[in-house]
């Protein structure tokens, strides 16, 4: 069993400030830091620290070696991360206020320059015991989802950044569609009906998450663990990566939801995204304190 992730790789530029600016307003930042980010890298880091075998499929520029070194240090197989000369690594400008809320602007860079041949070669080894993660921050999402599903793999698609048309294209190949609550509402409004996928994983911030089995017509609710958040950046990616890893390890949906919620609760108490993902020992200790 393994988790394959066609995923973005970014450098996060994080600006911390008392409050987020209103439109047209300039606000001074109290600090600036740089870290590992991108929804793909975040999910790979979360799943790897949960104990899963993770193989990342992606691209970055020819420089910034510390990024791929940090991915490898998290336990991620980076064999299929292409280094593309002439392309900047993806990056995000992240504004974080004192309440832990954020606003984010992303430039995709090399994440949108993957070749079809490279993705096809990487996924040639995926099989029915595996899971494929995809997010809307790379190109070739439909190709990867179709190849993963044809191989019998579970395909989990994080529909963020949210765009209806790319989502329409990939949905025929998706096993589990992962969205936050506003995205789920926007999608249902756009479609006029529940999406044509077997299941949805919907994160709801401080109200937890729910797993909607659209085939059985059942909903599994998972409350959020109460913690004092300092940075919500990457919380949804933490949840998705840990959820995928738990399913990969043989946990059922309620168990996977609980473990993912615990991981996300730990992650939001720390600054950063990919670098803030907790490991399995931390999550086990947290759950032992929250029976």
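Tabulated results
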item	result
Hey, residue 206 within 17 Å of residue 180 (Cα to Cα) and surrounded by fewer than 16 Cβ atoms within 10 Å (Cβ to Cβ) or not	yes
Candidate set from the range 261-274 (those that are more than 16 Å from residue 203 (Cα to Cα) and in contact (Cβ under 8 Å) with a residue 60 or more places away in the chain); member that is farthest from the chain's Cα centre (by Cα)	271
Condition check for residue 146: over 25 Å from residue 233 (Cβ atoms) and either touching a helix residue (DSSP H, G or I) at 6+ places or on another chain (Cβ under 7 Å) or without any contact (Cβ under 8 Å) to a residue 12 or more places away in the chain (or both)	yes
Qualifying residue in the range 241-260 (condition: free of Cβ contacts under 8 Å to residues at least 12 places away in the same chain, assigned to a helix (DSSP H, G or I) and more than 16 Å from residue 135 (Cα to Cα))	yes
Flag for residue 229 being in contact with a helix residue (DSSP H, G or I) (Cβ under 9 Å, 6 or more places away or on another chain), in contact (Cβ under 8 Å) with a residue 60 or more places away in the chain and surrounded by fewer than 23 Cβ atoms within 10 Å (Cβ to Cβ)	yes
Residue in the range 223-242 that is in contact with a strand residue (DSSP E or B) (Cβ under 7 Å, 6 or more places away or on another chain) and modelled with pLDDT of 95 or more present	yes
Residue check, residue 219 over 25 Å from residue 129 (Cβ atoms) and in a strand (DSSP E or B)	yes
Residue satisfying condition, being free of Cβ contacts under 8 Å to residues at least 40 places away in the same chain and closer than 15 Å to residue 144 by Cα, within set 75, 63, 127	127
Residue 216 over 30 Å from residue 33 (Cβ atoms), at pLDDT 95 or above and buried (at least 17 other Cβ atoms within 10 Å of the Cβ)	no
Per-region count, the range 113-122, residues in a helix (DSSP H, G or I) and either free of Cβ contacts under 8 Å to residues at least 24 places away in the same chain or surrounded by fewer than 23 Cβ atoms within 10 Å (Cβ to Cβ) (or both)	6
Index of the failed condition, residue 1 passing every other in (1) within 23 Å of residue 136 (Cβ to Cβ); (2) outside any strand (DSSP E or B); (3) at pLDDT below 95	(1)
Of residues in the range 11-26 being in contact (Cβ under 8 Å) with a residue 24 or more places away in the chain and out of contact with any strand residue (DSSP E or B) (no Cβ under 6 Å at 6 or more places or on another chain), the one farthest from residue 270 (Cα to Cα)	21
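To keep it simple, each residue is scored yes or no on (1) touching a helix residue (DSSP H, G or I) at 6+ places or on another chain (Cβ under 7 Å); (2) crowded, with 16+ Cβ neighbours inside 10 Å; (3) closer than 22 Å to residue 132 by Cα.
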site: 170; (1), (2), (3): yes, yes, yes
site: 179; (1), (2), (3): yes, yes, yes
site: 185; (1), (2), (3): no, no, no
site: 196; (1), (2), (3): yes, no, yes
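The values are calculated or read from the model by the stated rules, or taken from the named source; none is laboratory data. What you see is a predicted model, and the numbers here were worked out from it, not measured in a lab. Please note: Cβ atoms are built from the backbone with ideal geometry, for glycine as well, and neighbour counts cover all protein chains shown.
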